[in-house]
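Let me begin by presenting the structure, written as structure tokens, before commenting on it.
The values are calculated or read from the model by the stated rules, or taken from the named source; none is laboratory data. Please read all numbers here as calculations on a predicted model, not as lab measurements. So basically every Cβ, Gly included, is an ideal-geometry build from the backbone, and we count neighbours across all protein chains shown.
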Ligand code: MV4
């Protein structure tokens, strides 16, 4: 196992990774920006290295500064967390060039999967079902129109370099297509420096289901079941639950995900995203190469610490689990607590936290870097805490999450959180019955503001 790891992240995930290191007897160093000088991760780590000013482009996204910090402290490995450099194949390669183990897949696998059009082609070759559409990037508006006519409207134009909901446009009729196609290409060029796009049938009324995988560097892999992440607003997940599928439908999707990942030589903890339609048919969307925000719900239904396993796999240890060792028990539900104002279009609402009293109680896990007196700044994403609960069944889990959220006290001048909105979702009759799709949040928001136009980015 590694002796010392550099944690190249901030916020709750930096603490999550730091705690895993402590438990494994690994010494920790954390990088930080000026804004995070007083953070809990800096306080708890064995060492901390300031790598730049508050702006993430000059700190947490500065690959050279991160690698220099790793060299300075003598770390053998770098854990990137999620976001920032976690899916940057160039960064993984720079780590390797500097003798550092990047905790994640190889740079080649990361690059192949970061290109969503390439990922689509690879997964199709591995036999995964895809949404109907073009596997290769579509180079002209005329070809886009031909693909759309073949698969039928609505279609979705997606940037090959996008992912996670960035760089996609839903097109409902042939008349809209030429402009939407041109606009998506132009936006992709600006956002990613890559204007390749592809076209798929847009699947409505589907659930967003992801399969958690763990693959070692010896060709072994297991799945850790599914998560339902359909409760999203503009591709920001608000509530996630495990499991997403009944045991009878789990096997086919999980085996497909595993086959796809092993086929491309994926290693580490990864997630294969699918849309599951009303007929329980599943369609591959993308593979994520990182630990995900919502990993706690999987940990709670499997009893497996995913960050521990990431370190074992990165250190070359063969998987310590066979598929039959992995049992899915009960139901776990997580909600994100963002410092945003649901009454003002979820605008950031940062400030100092005068009061911060997280919930406690049985089977209740709070992942947060917040504390009373903490100053939430404007520089980074607004995730302040995740509250996850476990219970033997879904109804008890939802009751437990409501109970926990009722205990959470967060206040300060100008500070608002998404807790009231999450509580509305938990109250919704269809959500309670487990009858919901990716359309749920828009329905709730439109019920509150009937004048607001519906928007799909
Ligand atoms: C789709 C889709 C429907 N049809 N692709 C969103 C995140 C990224 N991984 C891909 N995403 C989607 N791709 C096809 N062909 C629906 C989504 C999607 C979504 C779309 C609109 C509003 C909310 C959504 C939530 C999850 C997934």
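Remarks
- Unique residue being farther than 25 Å from residue 389 by Cα, within 12 Å of the ligand (Cβ to nearest atom) and either surrounded by fewer than 23 Cβ atoms within 10 Å (Cβ to Cβ) or more than 17 Å from the chain's Cα centre (by Cα) (or both) when the list is 263, 277: 277
- Condition check for residue 57: without any contact (Cβ under 8 Å) to a residue 24 or more places away in the chain, over 18 Å from the mean Cα position of the chain (by Cα) and not in a loop (DSSP other than H, G, I, E, B): yes
Let's see how each residue does on (1) touching a strand residue (DSSP E or B) at 6+ places or on another chain (Cβ under 8 Å); (2) assigned to a loop (DSSP other than H, G, I, E, B); (3) modelled with pLDDT of 95 or more:
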| position | (1), (2), (3) |
| --- | --- |
| 2 | yes, yes, yes |
| 12 | yes, no, yes |
| 19 | no, no, yes |
| 23 | no, no, yes |
| 30 | yes, no, yes |
| 41 | yes, no, yes |
| 64 | no, no, yes |
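- Note on the stretch 154-168: among residues that are part of a strand (DSSP E or B) and in contact (Cβ under 8 Å) with a residue 60 or more places away in the chain, the one that is farthest from residue 187 (Cα to Cα) is 163.
- The combined condition, being touching a strand residue (DSSP E or B) at 6+ places or on another chain (Cβ under 9 Å), within 25 Å of residue 107 (Cα to Cα) and surrounded by fewer than 16 Cβ atoms within 10 Å (Cβ to Cβ), is fulfilled by residue 68.
- Top-ranked residue of the stretch 122-135 - restricted to ones that are under 15 Å from residue 198 (Cα atoms) and out of contact with any helix residue (DSSP H, G or I) (no Cβ under 7 Å at 6 or more places or on another chain), ranked as nearest to the ligand (Cβ to nearest atom): 131
- Top-ranked residue in the stretch 76-103 [being on the phi < 0 side of the Ramachandran plot, assigned to a loop (DSSP other than H, G, I, E, B) and in contact with a helix residue (DSSP H, G or I) (Cβ under 8 Å, 6 or more places away or on another chain); ranked as surrounded by the most Cβ atoms within 10 Å (Cβ to Cβ)]: 103
- Total residues in the stretch 203-241 satisfying the condition of being touching a strand residue (DSSP E or B) at 6+ places or on another chain (Cβ under 7 Å) and within 13 Å of residue 323 (Cα to Cα): the figure is 9.
- Strands (runs of 3 or more DSSP E) (entirely within the stretch 187-253) containing at least 1 residues that are within 23 Å of residue 302 (Cβ to Cβ) and within 14 Å of the ligand (Cβ to nearest atom): 207-215, 221-233, 236-242
- Those residues of the stretch 139-166 which are farther than 20 Å from residue 192 by Cβ and either crowded, with 20+ Cβ neighbours inside 10 Å or in contact with a strand residue (DSSP E or B) (Cβ under 8 Å, 6 or more places away or on another chain) (or both), in sequence order: 147, 148, 151, 152, 153, 154, 155
- Looking only at the stretch 128-153, and only at residues there that are assigned to a loop (DSSP other than H, G, I, E, B) and under 8 Å from residue 201 (Cβ atoms), the one that is farthest from the chain's Cα centre (by Cα): 152
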